[in-house]
Amino acid sequence: MNRVIQRLVPGILGALVVLAGTTQAQDVLIRGAKVYTQTERGTLENADVLVRNGRIAEVGKGLASGAGVTVIEARGRPLTPGLFGGITALGIEEVSLEPSTVDSSTVYEEARGTAFEPRPEFDVTPAFNPDSVAIGVNRVEGITFAMVAPTALPDGTMFGGQGAVARLDGRTDAFAAASRTLFVDLGASATASSGKSRAAQFMLLEQATRETQPAKPLRDGDARLLTPTGREVLARYLAGGRIAFSVDRAADIRQVLAYSERNGVHPVIIGGAQAWQVAALLAKSHVPVVLDPFLDLPGSFDQLGASLENAARLHQAGVPITFTNFSMPTHAAHKVRHAAGLAVAHGLPWDAALAALTTTPAQVFGLGTELGRIAPGYSADLVLWSGDPLEVTTVAEQVWIEGRSQSMRSRQTELRDRYRPATTPSKP
Amino acid sequence: MAWRSFSGAALAVLAFGAYASDEPYSSTYQAHPGPPTVIRNATVLDGTGRRLDGSDVLIRDGKIVAVGPGLDADDATVVDAKGRWVTPGLIDVHSHLGVYASPGVNASQDGNEATDPVTAGVWAEHSVWPQDPGFATALAGGVTTLQVLPGSANLIGGRGVTLRNVPATTYQAMKFPGAPQGLKMACGENPKRVYGSRKAAPSTRMGNVAGYRQAFADAQDYQRQQEKYARDLAAYESKQSKDKDKDKDKDAERPEPPKRDLRLETLVAAMKGEVPVHIHCYRADEMVTMLDLAREFNFRIAAFHHGVEAYKIADRLAQEGVCGALWSDWWGFKMEAYDGIWENLAFVDAPANGCAIVHSDDADGIQRLNQDAAKGMSRGQRAGLDIPPERAIRWITSNPAKALGIADRVGTLEPGKMADVVVWNGNPFSVYALPDLVYIDGAVAVDRKAPPKPPASDFLLGQPTGGAR
């Protein structure tokens, strides 16, 4: 939509400000904020942030606005980098139970008549719909970037396929090449799709890996797991690429680390319910964990020992962590903010929790020089909050992505306003 | 209580001691009240809509004795709650703990008897596995009472059970004495998907409604047979007992009772108001269809559960006295959940007589009902509604108690109520809120500073829990 949406910012902003729609670039001065820079400068009280051409130009006190610069009075409210929404199907899944709206996974077994068809070349990014309602619903909650990932179905394959980090401002070229990631599911939740055995998973992983190695040519007649394209794709990830392994059990994590070391892979652990048990090993290899801080029950035998202190213990050990919300990863991706607050309640330092939503995921997915900090040169992806950014009663007052102020309306706010009780007493 | 409709002559066996009844499957729950306790200087949200700052709560013999400042309680154990908040124990009207237990292995998929669209004869309590580790984590989140329901695969899924959230080896030992069972029904996509995919009825929403109507029509017929039998039996007995042998009809035969039908018994109990009806229903139009169904068969709906579109009919629900048991932020996972909004709880709460409830449906959500309520409260406030914490706390205390038919026993901190109390480390409407102390019937059930070691669940015993829950 190119229409400029004019609206009044809620009274708390204290000034009448006209906000542009998502397509109009702006130079903005956000004045008098509590700025969580996520740099060595730490948190600056009553500081200004100047945005020019979509980038952070300056961070400091008493910055001059200049001509054509929109001034936002923050009045001491918190300003953070835009938040990471976790491992999602944003833009590739509109209504989870409606197959015609879901593009996050693929199955071939009917066509081939085999139960196992690994397709690492399956790439969800061409299916991405930047206009998905779920994106807007999460954007107004301060979620500005998220991993858009394939979902391995129980009857799919342990190779989920490829995903990448999307910027959530409706742009069509949403994905940064540096963030491309291959997803592999291991452990109990994936055994049905991969030989009905954990041992078979590692057997198949080794075989697929071997197929990518030209030094060990296959003889004619050898059954191959991968298509020629699949071999090319997997080879790229094995040459120093990033593979995200969905895995919970400590023993399986150790296997993943060993496999990764043998093959030059940079692994990311997704899930990691038992990761705290191998925290030292993860820290030593500097392997990050994407975890759900809500998880404290053994959903499976792989998750025995799931703990609300997983985040705190991993951080304490020096493991880079970021968050995702497994219970509703796409539609309620924003729940990572609640999750981060919960991790704080269970021992994670507050600053580490904010880093886990900003700087760390940017770094983990190859965007560490672009996103996740409020520092000169970084993309101006910013959120102005009504209060403590991790508090459940706090809301995002305004979101900027690459300096553009985002509409704070979504399909949900449209529904809200249609059905708002008529007799509502107005609050000042 | 006599929620069982037809148990012949053996209905009125009276309860003694801790046992509510010696009927089969009845509660064996026993309270173990601690010493008299006074919680001093807290911010108290009492569940009735009141907030008392700097207030005490006095507990004696497992009951709330008084709430107010400076209570006289020389003999009581003192808990200094300065800076802390106190609420009633939380109540969840919609849980599957025990019937969909952790770990979610094949052996414990006991929540849906998805073999027939009407399985009103099944009781969730017969699936409850008391060793589900989820009970303890819910307790750590302040949940002292919960209703465990069958799932939503069926039009009429069966009876739910209300439990006290105490560690136990049997469900009977958890069963809330005297609480009615609930009847679980389901609208919309789930039943028609489950049976439609098998080329069986129902496969459409109109098939759903025909299914409920036929089931209740059958129950009406069954009720007439039962009533006729009762009349015939009474006539027979009165004839036999008339003065000596004079009028006795030697040829009269004792009437035969009709065969019991467990499905129809449940539906008759619902029509008699003995079993509150809880309906899984997302869409506004379908909820109103269910209100019509309730009118046709003269039963009362306690609550619509999930009710993602309840905000569209908030006035109607308030008029009918039907609660909306809701989430704060779940939406979009299926078409009937596509119109979810953050303000659902607040809008359902808004009308006079509005009854909003935060429910979980989920082993994670039940641990943080207070934070779901906090989200609904703050979004409502931003939409211009005046919802202070003392109002929103009702969504997780007195309102669910009302829907479960136990509001005379729990849900508020009024004198005489069971002493289910949570002492929070601060404002419960915060992401950092944690229960420091949870009392059930006046006994300390959780002390966060002294977590149970080993874990309460037998299943977790000897497992790598790392000393943390």
Take B:Val105 and B:Arg260, extend 7 Å from each Cα along the Cα→Cβ direction, and tell me the distance between the two endpoints in nm. 3.3
Amide H partners (placed H, <5 Å) of A:Ile72, local residues excluded: A:Leu29, A:Ile30, A:Arg31
When the Cα centres of region A:126-150 and region B:380-456 are compared, how far apart do they sit, in Å? 36
For region B:66-80, what does the Karplus curve 6.51 cos²θ - 1.76 cosθ + 1.60, with θ = phi - 60°, yield as ³J(HN,Hα) per residue in whole Hz, taken in order and with x for Gly and Pro? 7, 10, x, x, x, 5, 7, 7, 5, 8, 8, 5, 9, 10, 7
Please work out how much length the chain gains when fully extended from B:Thr115 to B:Asn427, using 0.36 nm per residue of separation minus the C-alpha to C-alpha distance, in nm with one decimal. 107.7 nm
Please go through the residue pairs A:Lys335/B:Lys312; A:Lys335/B:Lys63; B:Lys375/B:Lys417; A:Lys34/A:Lys284; B:Lys417/B:Lys449 and name each one whose alpha carbons sit more than 31 Å apart in this structure. A:Lys335/B:Lys63; A:Lys34/A:Lys284
Averaging sequence separations of C-alpha pairs under 8 Å and six or more residues apart, then dividing by the length of chain B, give the relative contact order as a whole percent. 19
Structure-based [θ]222 nm, chain A - -39500 (n - 2.57) summed over DSSP H runs of at least 4, per residue, nearest 500: -6500 deg cm²/dmol
Amide H to amide H under 5 Å from B:Lys63: which residues, 5+ apart in sequence or cross-chain, H placed 1.01 Å off N in plane? B:Ala419
Give the calculated FRET efficiency between A:Arg75 and B:Lys449 to the nearest 0.05, with a Förster radius of 41 Å applied to their Cβ-Cβ distance. 0.60
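How much FRET efficiency would the formula 1/(1 + (r/R0)^6) give for B:Ala252 and B:Val288, where r is the Cβ-Cβ distance and R0 is 56 Å, rounded to 0.05?
The pair B:Ala252/B:Val288 has a calculated efficiency of 0.65.
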Using the Karplus curve 6.51 cos²θ - 1.76 cosθ + 1.60 with θ = phi - 60°, work out ³J(HN,Hα) for each residue of region A:387-392 in order, rounded to whole Hz, and write x for Gly and Pro. x, 3, x, 9, 7, 5
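Check each of the trypsin sites (Lys or Arg not before Pro) in region B:53-157 and keep only those in coil by DSSP with at most 15 other C-beta atoms within 10 angstrom; list them in order. Could you put the intermediate results ahead of the total?
Working: sites: B:Arg60, B:Lys63, B:Lys82, B:Arg84; in loops: B:Lys82, B:Arg84.
Qualifying residues, ordered by number: B:Lys82.
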For B:His280, what residues show an amide H to amide H distance below 5 Å, using hydrogens built from the backbone and excluding near sequence neighbours? B:Met185, B:Ala186, B:Cys187, B:His305
Just to confirm the number: angle between the C-alpha axis of helix B:284-296 and the first principal axis of chain B, 0 to 90 degrees, nearest 10? 40
Between the modelled labels at A:Asp222 and B:Arg213 (7 Å from Cα along Cα→Cβ) the distance in nm is 6.7
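Taking K and R as +1 and D and E as -1, what net charge do the other residues with C-beta under 11 Å from the C-beta of B:Ala76 add up to? Don't jump to the answer; show the numbers that get you there.
Working: positive: B:Arg40, B:Arg60; negative: B:Asp56, B:Asp72, B:Asp74, B:Asp75.
Counting the neighbours of B:Ala76, the net charge comes to -2.
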If each residue's Cβ is checked for other Cβ atoms within 10 Å, how do A:Met147, A:Met203, B:Met174, A:Met328 rank with the fewest at the top? A:Met203, A:Met328, B:Met174, A:Met147
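Calculate the FRET efficiency for A:Ser65 and B:Arg316 from the Cβ-Cβ distance with a Förster distance of 41 Å, rounded to the nearest 0.05. Intermediate values should be presented prior to the final figure.
Details: r = 52 Å, r/R0 = 1.26.
Efficiency for this residue pair is about 0.20.
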How many Å³ per residue does the convex hull of the Cα positions in region A:83-371 occupy? 122
Can you give me the distance in nm between label points at A:Ser285 and B:Met206, each placed 7 Å from the Cα along the Cα-to-Cβ direction? 6.0
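Could you work out the helix-only [θ] at 222 nm for chain B, with each DSSP H run of four or more residues adding -39,500 (n - 2.57) and the total divided by the number of residues, to the nearest 500 deg cm²/dmol? Before the final figure, lay out each step's value.
Numbers: 10 runs with 113 residues, N = 469.
So the helix-based figure for chain B works out to -7500 deg cm²/dmol.
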Of the trypsin sites (Lys or Arg not before Pro) in region B:293-386, those whose Cβ has at most 16 other Cβ within 10 Å and which sit in DSSP loop: B:Arg300
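Given contacts defined as C-alpha pairs under 8 Å and at least six residues apart, what's the relative contact order of chain A, whole-number percent? Can you show the working numbers first?
On the way: 987 pairs, mean separation 81.3, N = 428.
Over chain A, the number comes to 19 percent.
Every number in this text was worked out from the coordinates using simple rules, so none of it is lab data. None of the values given here were measured: they were computed from a predicted structure. Heads up, the Cβs are rebuilt from the backbone with ideal geometry, glycines too, and the neighbour counts pull from every protein chain shown.
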